[in-house]
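These notes are about the structure you will find just below.
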Amino acid sequence: MVKKVILAAPRGYCAGVDRAVKIVERALDTLGAPVYVRKEIVHNRHVVEELAKRGAVFVDSEAEIPDGSVCIFSAHGVSPAVRQRAEEKNLQVIDATCPLVTKVHLEAKRFARAGRKIVLVGHAGHEEIEGTFGEAPKSTLVVEDAAEIDKLKLNPHEAVAYLTQTTLSVDDTLGVVEGLRERFSNIAGPRSDDICYATQNRQVAVKAIAPHADVVLIVGARNSSNSNRLVEVAKVAGTDAHLVPDESELDPQWLEGCDTVGVSSGASAPEVLVDRLLERLAGLGYTDLETREVTTEDVTFSLPPWLREDTPA
């Protein structure tokens, strides 16, 4: 029997990640090395290492960047306090924040101005949550799941609003939001869903392939929230699933007794890593490849004008 791979589509880079990586590449081309990047530009070691080879310097804090240097903010966004410190150091800031994350920041400011307490649904310590929280720290509380709603010391009739991390599981977020709506009588939400289009599409694609696979492999970094959620989505669909940072970390034991392998990748994983995993699987006998596409994506986010290739010198 021929062993088979079902490849999910859409998968891999989203528009926000693509834009952020291109911003670093164009900054290096235009301004020359070094350019300093606060945190990982996107959560993928392969991407970070490739950019570092070209002269990008990745730092944990803007405090590590020499005064007056070029500083790129990652796709995950930063708090106003970080922006203020960057200004004090006279850094030449290039903002690679994903526009969908910026949308959540604007919503946080709007709700705080309206006097609402903000319940921010997401993973404490994640860079995106830190940035959004920083927009209204005195008004914001972070919860990771529905169980933590009970810990909120808020009056059920208090004016409350909720926002969510853009890379969460759609299904899990729905449960938390329903719990908040049951608890608080005066609650407001964002004008449109905070979960990004790419996160939703990749989860729908994994749901589509999981029932037809014996095991699902998700290409993505261990610190990539959306990649970890894809593993969870496959498991909830009833299929064993594993995160594979690159092909070298594929454990052949995962494939024992498996005739069909499902493959997808997180929004910060470059397609080259998927190609390398498919080559490894082919070497293990999985030579029949089928792509299953649930939707097409045509979303793009433009670069800052002065970094566009078509901008006159």
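The values are calculated or read from the model by the stated rules, or taken from the named source; none is laboratory data. Remember, it's a predicted structure, so these values are computed and weren't measured experimentally. Reconstructed Cβ throughout: ideal geometry from the backbone, glycine too, with neighbour counts over all protein chains shown.
Among the listed residues 289, 281, 243, identify the single one that is surrounded by 16 or more Cβ atoms within 10 Å (Cβ to Cβ), in contact with a strand residue (DSSP E or B) (Cβ under 7 Å, 6 or more places away or on another chain) and touching a residue at least 60 places away in the same chain (Cβ under 8 Å). Step through it out loud before you land on a result.
Values: 289 fails: surrounded by 16 or more Cβ atoms within 10 Å (Cβ to Cβ); 243 fails: touching a residue at least 60 places away in the same chain (Cβ under 8 Å).
Only one candidate qualifies: 281.
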Do you know which of the residues in the stretch 88-142 that are under 25 Å from residue 305 (Cα atoms) and part of a strand (DSSP E or B) is farthest from the chain's Cα centre (by Cα)?
92
Condition broken by residue 38, with the remaining ones in (1) of a type in the set (Lys, Arg); (2) in the same structural domain as residue 136 (by TED's automatic domain parsing); (3) touching a helix residue (DSSP H, G or I) at 6+ places or on another chain (Cβ under 7 Å) satisfied:
(2)
Checking the condition within 24 Å of residue 270 (Cα to Cα) and surrounded by 22 or more Cβ atoms within 10 Å (Cβ to Cβ), which residue from 43, 126 passes?
43
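Of the residues 40, 62, 49, which is of a type in the set (Asp, Glu), more than 21 Å from the chain's Cα centre (by Cα) and modelled with pLDDT of 95 or more? Break it down into steps so the answer makes sense when it comes.
Working: 40 fails: more than 21 Å from the chain's Cα centre (by Cα); 49 fails: more than 21 Å from the chain's Cα centre (by Cα).
Selected residue: 62, the only one of 40, 62, 49 that is of a type in the set (Asp, Glu), more than 21 Å from the chain's Cα centre (by Cα) and modelled with pLDDT of 95 or more.
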I'm told residue 115 meets every condition in (1) within 18 Å of residue 189 (Cα to Cα); (2) in contact (Cβ under 8 Å) with a residue 60 or more places away in the chain except one. Can you identify the failing condition by its number?
(2)
Regarding residue 237, is this residue among the hydrophobic types (A, V, I, L, M, F, W, C), touching a helix residue (DSSP H, G or I) at 6+ places or on another chain (Cβ under 6 Å), over 14 Å from residue 221 (Cα atoms) and surrounded by fewer than 20 Cβ atoms within 10 Å (Cβ to Cβ)?
yes
Those residues that are out of contact with any Lys or Arg (no Cβ under 7 Å at 6 or more places or on another chain) and in contact (Cβ under 8 Å) with a residue 60 or more places away in the chain, I need them from the stretch 200-218; list them, please.
201, 204, 206, 212, 213, 217
Do we find a residue being in contact (Cβ under 8 Å) with a residue 40 or more places away in the chain, under 26 Å from residue 18 (Cβ atoms), aliphatic (A, V, I, L, M) and not in a loop (DSSP other than H, G, I, E, B) anywhere in the stretch 58-66?
no
If you go through the stretch 93-115, how many residues are surrounded by fewer than 22 Cβ atoms within 10 Å (Cβ to Cβ), out of contact with any helix residue (DSSP H, G or I) (no Cβ under 8 Å at 6 or more places or on another chain) and not β-branched (Val, Ile, Thr)?
9
